[in-house]
Amino acid sequence: MLEAPDDVLLQRSRGKLIDPITGDVYHQIFVRPDDDTITRRLEWGQGLSEEKLLAELQCYRCEVTGLRSAYQHVLKVINGDQPPADVYQQGGAPDGGGG
C-alpha cells in the first residue's frame, strides 16, 4: 500500500501530464521524460477537480483503517512521497527484498 500525505497527493494530481501517443503518465515536477520529443507533446491530464479529489481522499481515509487491519499480516506500507525509483525498489518481495 502506498501512503502519502493529502497535500502531496493533491500536488501530484495537479501536475499530471499524459503522452497522447503512448498513454504514459508523467508529472510536471516529479517524473519528467528523458526525451525532449516526448516533453513537447505532453498534455495536461484530465483528473478530478480539487473538490472531488478531496472528497475521494476523505472517503479513502475512512476506509483504509479497516483495510489495514484486515490485511495487516500481508500488507506492506510504502511511503509514496519519495522518488519513483525508491518506491519501485521497496515494492519488491514482502520480506523487504527489492526487484
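The values are calculated or read from the model by the stated rules, or taken from the named source; none is laboratory data. Predicted model only: the values in this text are computed from it and were never measured. Glycine gets a Cβ as well: all are built from the backbone with ideal geometry, and neighbour counts include every protein chain shown. Only protein heavy atoms, including side chains, enter the accessible area calculation; ligands, DNA and RNA are left aside. Shrake-Rupley method; radii C 1.70, N 1.55, O 1.52, S 1.80 Å.
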**Request:** Calculate, in nm to one decimal, what Gln28 and Gln89 gain on full extension: separation in residues at 0.36 nm each, minus their alpha carbon distance.
**Result:** 19.7 nm
**Equivalent-ellipsoid semi-axes of region 1-82, from the Cα gyration tensor, Å, largest first** = 29, 16, 10
**Message:** Using only the Cα atoms of region 24-64, what semi-axes does the equivalent ellipsoid have when each is the square root of 5 times a gyration tensor eigenvalue? Give whole Å, largest first.
**Reply:** 30, 11, 7
**Complete:** Output ordering of 59-67, 10-18, 40-48 (per-residue mean of other Cβ within 10 Å, highest first) is 10-18, 40-48, 59-67
**Request:** Within region 1-33, find all residues whose amide N lies under 19 Å from a label point positioned 7 Å from the Cα of Val77 along Cα-to-beta-carbon.
**Result:** 1-10
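Enter the accessible area per residue of the chain (Å², integer; probe 1.4 Å; all protein chains in place).
It amounts to 73 Å² per residue over the chain.
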**Fill in**
A 1.4 Å probe over the protein heavy atoms gives the chain a carbon and sulfur accessible-area percentage of 52 percent
